[in-house]
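Supplied in structure tokens, the structure appears directly below.
The values are calculated or read from the model by the stated rules, or taken from the named source; none is laboratory data. These numbers were taken from a predicted model, which means no experiment stands behind them. Note that each Cβ is placed from the backbone with ideal geometry, even for glycine, and that neighbours are counted across all protein chains shown.
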Amino acid sequence: MTKEEIQKQIFQAVETVKQTNPMVGSITNTVTINFVANAQLAVGGSAAMVYLPEEGEFLAKASGAIYINVGTLLPIYEQTLPHVAKVLHDTGKPWVLDPVAVGIGSMRTHLLRQFKDYKPHVIRGNASEIIALAGLWKLDGGAAISKVRGVDSTDSVIAAKTAAVSLAKWTGGAVAVSGKTDLITDGTVIAFSYGGSHFMPKITGAGCSLGGVIAVYLTAASPFIAALTGTAVYNLAGTRTEKKVDGPGSFQIKFLDELYKASAGEIANNPFEIEEV
């Protein structure tokens, strides 16, 4: 697939989402629910946030895609998450997994280990989370001991390259590794997406909301294109927002505006490079 072909598919994914306003369900980090929903709305999706098993099952069947984030776990999630993931797998419905803080706590570890068999279409995380998840799933490039520091990464994006490729090959989907330069792969090709802002690590929910936005694009594109499209609009909006603000508070608000204003052509033309695995 050439760069021009990828750009055409990104353009089409953005246009389709803006035209169809797809509903995307999310079971996500309680710290960032509001920001995730607002980001999904800004790019053209329709957000639905739940946490109960029966509500999750309903959305798994009714939504165009689902976003699952294990950031702040509640006891009920021990029932909800594996149940919803199984429904998604059995029905073939696309979904995004954000393995936040993988390796911290037995419940989180148990849940994420179960997800291996349910093969998420897209996995989005920082470098340390991607390496740790590959380790938990016993795949190449993984580490037995997590280096995740809360929700922060202690590894470079390029250090997660082998883990990202092996995860993508296992799931048959795509992996997006967030960092200064983002890495997106489907196991056969790697894209490096450029842009963003130094304010992104200074706000809560930049990564979580990206996962939710990728799920929106997953209703209209392949896992690789959805992951690259979501990353591209974030890098574009981040770059533009940084020029207009002088602190993280105003950045968060203006960032949503820039997500909303970004056109399909602008997103497709945000700088990226590709290489074969």
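Do we have Gly92 as of a type outside the set (Val, Ile, Thr) and within 14 Å of Thr28 (Cα to Cα) here?
no
Any residue that is over 18 Å from Ala13 (Cβ atoms), touching a residue at least 24 places away in the same chain (Cβ under 8 Å), of a type in the set (Gly, Ala, Ser) and touching a strand residue (DSSP E or B) at 6+ places or on another chain (Cβ under 6 Å) - is there at least one of those in region 196-209?
As a first pass, look at region 196-209 and keep what is over 18 Å from Ala13 (Cβ atoms): 196-208.
Now narrow it down to the ones that are touching a residue at least 24 places away in the same chain (Cβ under 8 Å): 196-208.
Going one step further and asking which of them are of a type in the set (Gly, Ala, Ser), we end up with 196-197, 205-207.
Checking the rest, the ones that are also touching a strand residue (DSSP E or B) at 6+ places or on another chain (Cβ under 6 Å) come to 207.
There is at least one residue in region 196-209 that is over 18 Å from Ala13 (Cβ atoms), touching a residue at least 24 places away in the same chain (Cβ under 8 Å), of a type in the set (Gly, Ala, Ser) and touching a strand residue (DSSP E or B) at 6+ places or on another chain (Cβ under 6 Å).
Moving on. Could you check Gln7 against (1) in contact with a Gly (Cβ under 8 Å, 6 or more places away or on another chain); (2) over 16 Å from Ala85 (Cα atoms) and say which number it fails?
(1)
For region 204-245, name all the residues that are modelled with pLDDT of 95 or more, of a type in the set (Val, Ile, Thr) and surrounded by fewer than 23 Cβ atoms within 10 Å (Cβ to Cβ).
Thr219, Thr239, Val245
Now, a different point. So which strands (runs of 3 or more DSSP E) stay within region 148-243 end to end and still have 1 or more residues that are closer than 21 Å to Tyr118 by Cβ?
It comes to 174-178, 182-185.
Next question, about the same structure. Among the residues of region 114-127, is there at least one that is of a type in the set (Gly, Ala, Ser) and buried (at least 18 other Cβ atoms within 10 Å of the Cβ)?
yes
If you check Tyr77 against the conditions, is it closer than 17 Å to Phe115 by Cα, aromatic (Phe, Trp, Tyr), crowded, with 19+ Cβ neighbours inside 10 Å and over 17 Å from the mean Cα position of the chain (by Cα)?
yes
Taking the options Gly92, Gly135, Gly56, name whichever one is more than 18 Å from the chain's Cα centre (by Cα) and on the phi > 0 side of the Ramachandran plot.
Gly92
Just to be sure I understand the filter: pairs with C-beta atoms under 6 Å, separated by 6 or more residues or on different chains, first member in region 121-145 and within 13 Å of Lys169 (Cα to Cα), second member of a type in the set (Gly, Ala, Ser) and part of a loop (DSSP other than H, G, I, E, B). Which pairs pass?
What qualifies is His121/Gly173; Val122/Gly173; Ala134/Gly141; Ala134/Gly142.
Taking interchain pairs and intrachain pairs at least six residues apart, which have beta carbon atoms under 7 angstrom, with the first residue in region 87-100 and over 12 Å from Pro120 (Cβ atoms) and the second among the acidic types (Asp, Glu) and buried (at least 16 other Cβ atoms within 10 Å of the Cβ)?
Sorted first by the residue in region 87-100, then by its partner, the pairs are Val87/Glu57; Val100/Glu129.
Residues to consider are Glu54, Glu15; find the one that is over 11 Å from Val216 (Cα atoms), charged (D, E, K, R) and buried (at least 16 other Cβ atoms within 10 Å of the Cβ).
Glu15
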